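Participant: A single structure is presented below for examination.
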Amino acid sequence: MSRAPVALVTGARRGIGRGTAWELAAQGFDIVVNDVADDAAMTETIAGIVALGRRAAGVVHDIADVSGHAAFVDRCFAAFGTIDCLVNNAGVSVKVRGDLLDVTPESFDRVLGINLRGTFFMMQAVARRMVAEPREPADPPRSMVTISSANVRTLGPNRAEYCISKTGLAMTTQLFAHRLAEHDIMCYEIRPGIIRTDMTAGAAARYDSLIKDGLTPIRRWGEPSDVGATVAALARRLLPFNTGDAFNVDGGLHMKVL
């Protein structure tokens with residue numbers, strides 16, 4: 001009998017990360033829960049995984065701390081013996097939305113340092129470990145799933161740094177997909193649309209109105225579980241002949257209508 005698959009989900013103590021961790025647990029994965037703090041939200045995420053009958057381990061680390069990645073990855077692999085799926089979810093938006101002409105180097109460096117630089121080197125660190133590990137034929141499939149954004153192709157002029165960081169993740173996914181396919185490690189990108197999380201709470205009234213007026217063909221908010229269900233399908237390799245692909249989880253927001 002093959003062992004249970006293990007997933008590492010970054011930024012998993014709330015929002016899309018939590019929804020993804022819970023969906024993966026529901027599909028039989030043990031979960032390494034990563035975030036920048038071990039607090040009540042982290043405890044709640046872990047409790048939800050355990051309630052689904054799976055094992056969970058919380059490992060605190062800021063993905064922007066690239067120098068600490070090697071030690072962090074060691075701790076994550078040690079939790080349950082391996083990592084089969086890395087979900088790159090950790091990320092931030094801009095602190096203040098505003099004019100493109102007012103973007104500061106400090107804001108630009110903060111957002112790209114976490115969303116793009118941190119994620120790139122996290123993927124590199126995990127990939128090195130995955131490639132070096134011996135595998136058995138019955139072992140679960142391996143993958144890396146990166147959460148980008150609808151802003152890869154839809155402009156958000158009042159948060160340029162965020163759009164640039166997420167666009168970089170689209171290319172990062174393809175680069176790793178090309179490099180790791182020979183090791184049977186598949187890489188995917190997911191582009192969420194308007195998802196009900198803490199990050200979108202401040203603009204909830206505006207999004208409620210836009211959705212009601214037909215912004216998306218599926219006229220409802222996306223939920224973290226919608227993203228999580230897509231991650232779980234990819235992590236289970238239900239699409240066996242795909243790698244490097246981007247999947248829109250946005251209620252049809254990406255479609256252009258004349």
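The values are calculated or read from the model by the stated rules, or taken from the named source; none is laboratory data. Bear in mind that the values here come from a model prediction, so they are computed numbers and not experimental data. Ideal geometry is used to build each Cβ from the backbone, glycine not excepted, and the neighbour counts take in all protein chains shown. Surface areas here come from the heavy atoms of the whole protein model, side chains and all, with no ligands, DNA or RNA. Shrake-Rupley method; radii C 1.70, N 1.55, O 1.52, S 1.80 Å.
Participant: What's the carbon and sulfur percent of region 1-88's accessible surface, probe 1.4 angstrom, rounded to a whole number?
Facilitator: 53 percent
Participant: Now a separate question. Using modelled backbone amide H atoms (1.01 Å from N, in-plane), which distant-in-sequence or interchain residues come within less than 5 Å of V92's amide H?
Facilitator: For V92, whose amide H was placed from the backbone, the distant partners under 5 Å are N115.
Participant: Sorted by mean Cβ packing within 10 Å, highest first, what order do the peptides 131-143, 229-241, 13-25 take?
Facilitator: So the order, starting with the most tightly packed, is 13-25, 229-241, 131-143.
Participant: Report relative contact order for region 12-92 in percent, whole number only (criteria: Cα-Cα under 8 Å, sequence separation at least 6).
Facilitator: 30 percent.
Participant: Can you tell me the orientation of helix 224-235 relative to the chain, as the angle in degrees between its alpha-carbon axis and the longest Cα principal axis, to the nearest 10?
Facilitator: Value to nearest ten degrees: 40.
Participant: Which ³J(HN,Hα) values, rounded to whole Hz and listed in residue order, are derived for region 110-115 from phi using the Karplus coefficients 6.51, -1.76 and 1.60 in 6.51 cos²θ - 1.76 cosθ + 1.60 with θ = phi - 60°, glycine and proline given as x?
Facilitator: Once θ is set to phi - 60°, the couplings for region 110-115 become 4, 5, 6, x, 8, 5 Hz.
Participant: Provide the net charge surrounding V32, with neighbours chosen by a C-beta distance below 10 Å and charges set as Lys +1, Arg +1, Asp -1, Glu -1.
Facilitator: Cβ neighbours under 10 Å give a net charge of +1.
Participant: Picking from V111, V94, V73, which is most flexible by a Gaussian network model of the chain using Cα springs under 10 Å?
Facilitator: Answer for the Gaussian network model of the chain: V94.
Participant: From the phi angles alone, apply the Karplus equation (6.51, -1.76, 1.60; θ = phi - 60°) to region 186-191 and give each ³J(HN,Hα) in whole Hz, x where the residue is Gly or Pro.
Facilitator: Along region 186-191, the couplings run 9, 10, 9, 10, 10, 10 Hz.
Participant: In terms of Cα to Cα distance under 18 Å, which lysines are near enough to K256, apart from those fewer than 8 places away along the same chain?
Facilitator: Of all the lysines, those that pass the test against K256 - Cα under 18 Å, at least 8 places apart if same chain - are K212.
Participant: Sticking with this structure for a sec: L215: net charge of surrounding residues, Cβ under 13 Å, Lys/Arg +1, Asp/Glu -1, itself excluded?
Facilitator: Combined, the nearby Lys, Arg, Asp and Glu give +2.
Participant: Compute the angle between helix 40-51 and the longest alpha-carbon principal axis of the chain, please, reported from 0 to 90 degrees and rounded to the nearest 10.
Facilitator: Result, in degrees: 50.
Participant: Could you sort the peptides 179-191, 41-53 by per-residue average Cβ neighbour count (10 Å cutoff), highest mean leading?
Facilitator: In decreasing order of mean packing, 179-191, 41-53 become 179-191, 41-53.
Participant: Then there is this: For the chain, take the longest principal axis of its alpha carbons; what is the angle in degrees between that and the long axis of helix 160-180, to the nearest 10 within 0 to 90?
Facilitator: The two axes meet at around 30 degrees.
Participant: Can you list residues from other chains, or at least 5 along the same chain, whose modelled amide H is less than 5 Å from the amide H of V59?
Facilitator: Here V33, N34, D35 satisfy the definition.
Participant: Read through the labelled values [x] 15.9; [y] 16.6; [z] 14.3 and report the label of the one computed as mean projected area of the Cα convex hull in nm² from the structure.
Facilitator: Given [x] 15.9; [y] 16.6; [z] 14.3, the structure-derived one carries the label [z].
Participant: Within the set of other residues whose C-beta is less than 15 Å from the C-beta of F247, count the net charge using Lys and Arg as +1 and Asp and Glu as -1.
Facilitator: Residues close to F247 contribute a combined charge of 0.
Participant: Let me ask something else. Using a 1.4 Å probe, what is the accessible area per residue for the chain, in Å²?
Facilitator: Result: 48 Å² of accessible area for each residue.
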